[in-house]
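Working notes, structure below.
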Amino acid sequence: MIEIKEKIEQSNSIIIAGHVNPDGDTIGAGLSLLLGLENKYPNKRIDFVLQDPVPKNISFLKGTEKIKKIEDINNPNYDLAIFVDSATIERVGKVESLIGDTFKINIDHHISNPKYGDINLVKDISSTSEIMFSLLKELDLVVTLEMGEAIYLGLVNDTGNFAHSNVTDKTFLVASELMRLGVNNNKIVNDFFKTKSFQRMKVLGKALSEMKFIQDKKLMYFNLSYEGLKSLGAIKDDTEGVVEELLNYGDSEVSLFLREDETGKIKGSMRSKHDIDVNKIAGIFGGGGHIKAAGFTSELSSEEIIKKVVENL
Ligand SMILES: [Mn+2]
């Protein structure tokens, strides 16, 4: 990716943008790139900007305090924008307003990515962090322990702790190299996963007690109204992981989690165990993602969404 290196070297002011509701992968990829570029190019201005705050269970990563909010940016005159883990430009939310028609590098692993960048590094592999690990080396950036921990968290995030079908021998090779660098697997996994809030445990409990199963479609689903969320004193972050949990049922092949937001719109997420392509189903509602993990937002009612999903399974 010599073009990426050249472009970075020619630019004095670079923005790295990750997606809204940032996860371990967008933060892992963006943060490792930020730290690596800062070390190599101390005279360049490099900002990693996210619309939404870093989740609590990711903020233990060293360097996350350097991630900026939109309000921190007074002078958005960037020469180069690098998107990480963002399947579309819109996925970065309001950060898009800082970018405009700046030259774009698109680094991502979503199969639905339309390659919106002027340079695109889009690969169908486990995570953007896995792509980033190779890219850092190609950019001749030294991978420090802090950068390694960020990438490792990205791998753990997007592979469900090395459990999903997106894990390859190469993913383990990257993990192995990172551990050799000093990354503590057990600490990262504990700090990241075993940190659920009381409300999040309650949301999970509600999901497990109210979920429904459609036998002939092997579909497990749960619909959470905004009222239901509020009645638990929970916020949307507390619903993370519900869709994966639904798929733990032995007879299920596909799971669907619907969550109503305060405006009445419904956010859907889907997971698949084997052959069902949920990227295709999410596409019906204008969403997308991966074959086994995808999401969408819809103005339809939850009943209509469930009906459409069932029809298309
Ligand atoms: Mn990702």
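Selection over region 11-28 of residues that are under 22 Å from residue 148 (Cβ atoms) and more than 13 Å from the ligand (Cβ to nearest atom) gives a count of 2.
State yes or no: is residue 202 closer than 29 Å to residue 260 by Cα, under 20 Å from the mean Cα position of the chain (by Cα) and not β-branched (Val, Ile, Thr)? So residue 202 does not fit the description; no. Looking only at residues of region 163-220 that are without any contact (Cβ under 8 Å) to a residue 24 or more places away in the chain and within 16 Å of residue 25 (Cβ to Cβ), we find that the one that is surrounded by the most Cβ atoms within 10 Å (Cβ to Cβ) is 175.
Among the residues of region 103-117, those identified as more than 13 Å from the ligand (Cβ to nearest atom) and open to solvent by 20 Å² or more (accessible area, probe 1.4 Å) are 103, 104, 114, 115, 116.
The rows are residues; the columns are (1) within 16 Å of the ligand (Cβ to nearest atom); (2) surrounded by 19 or more Cβ atoms within 10 Å (Cβ to Cβ).
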position	(1), (2)
30	yes, yes
38	no, no
41	no, no
44	no, no
49	no, yes
55	yes, no
66	no, no
77	no, no
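Scanning region 17-45 for residues that are of a type in the set (S, T, N, Q) and modelled with pLDDT of 95 or more, which turns out farthest from residue 160 (Cα to Cα)? For region 17-45, the residue satisfying everything is 43. For region 84-95, a residue qualifies if it is touching a residue at least 40 places away in the same chain (Cβ under 8 Å) and not in a strand (DSSP E or B), and the qualifying residues are 85, 86, 87, 91, 92, 93, 94, 95.
Screening residue 225 against (1) under 23 Å from the mean Cα position of the chain (by Cα); (2) open to solvent by less than 80 Å² (accessible area, probe 1.4 Å) leaves a single unmet condition, (1). When 135, 145, 139, 155 are checked against the criterion of being within 12 Å of the ligand (Cβ to nearest atom) and either open to solvent by less than 40 Å² (accessible area, probe 1.4 Å) or out of contact with any strand residue (DSSP E or B) (no Cβ under 7 Å at 6 or more places or on another chain) (or both), 155 stands alone in meeting it. The set of residues in region 118-131 being more than 16 Å from the ligand (Cβ to nearest atom) and of a type in the set (A, V, I, L, M, F, W, C) consists of 119 alone.
Of the numbered criteria (1) surrounded by 23 or more Cβ atoms within 10 Å (Cβ to Cβ); (2) within 19 Å of the chain's Cα centre (by Cα), the one residue 244 fails is (1).
When the test is whether a residue is open to solvent by 10 Å² or more (accessible area, probe 1.4 Å), in contact (Cβ under 8 Å) with a residue 24 or more places away in the chain and touching a Ser or Thr at 6+ places or on another chain (Cβ under 6 Å), residue 150 does not pass it.
For residue 252, are the conditions met, namely being surrounded by 15 or more Cβ atoms within 10 Å (Cβ to Cβ), in contact with an Asp or Glu (Cβ under 9 Å, 6 or more places away or on another chain) and among the hydroxyl-bearing types (Ser, Thr, Tyr)? No. Close contacts from region 18-40, counting a first residue that is under 18 Å from residue 8 (Cα atoms) and without any contact (Cβ under 8 Å) to a residue 24 or more places away in the chain and a second that is within 14 Å of the ligand (Cβ to nearest atom) and open to solvent by 20 Å² or more (accessible area, probe 1.4 Å), with Cβ to Cβ under 8 Å and a gap of 6+ residues or different chains, come to none at all.
Rundown of residues vs (1) charged (D, E, K, R); (2) in a helix (DSSP H, G or I), yes/no style:
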| site | (1), (2) |
| --- | --- |
| 32 | no, yes |
| 36 | no, yes |
| 46 | no, no |
| 57 | no, yes |
| 65 | yes, yes |
| 77 | no, no |
| 82 | no, no |
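The values are calculated or read from the model by the stated rules, or taken from the named source; none is laboratory data. Treat the numbers as computed from the prediction; the structure is a model and nothing was measured. Glycine gets a Cβ as well: all are built from the backbone with ideal geometry, and neighbour counts include every protein chain shown. The area values use the complete protein model at the heavy-atom level, side chains included, leaving out ligands, DNA and RNA. Shrake-Rupley method; radii C 1.70, N 1.55, O 1.52, S 1.80 Å.
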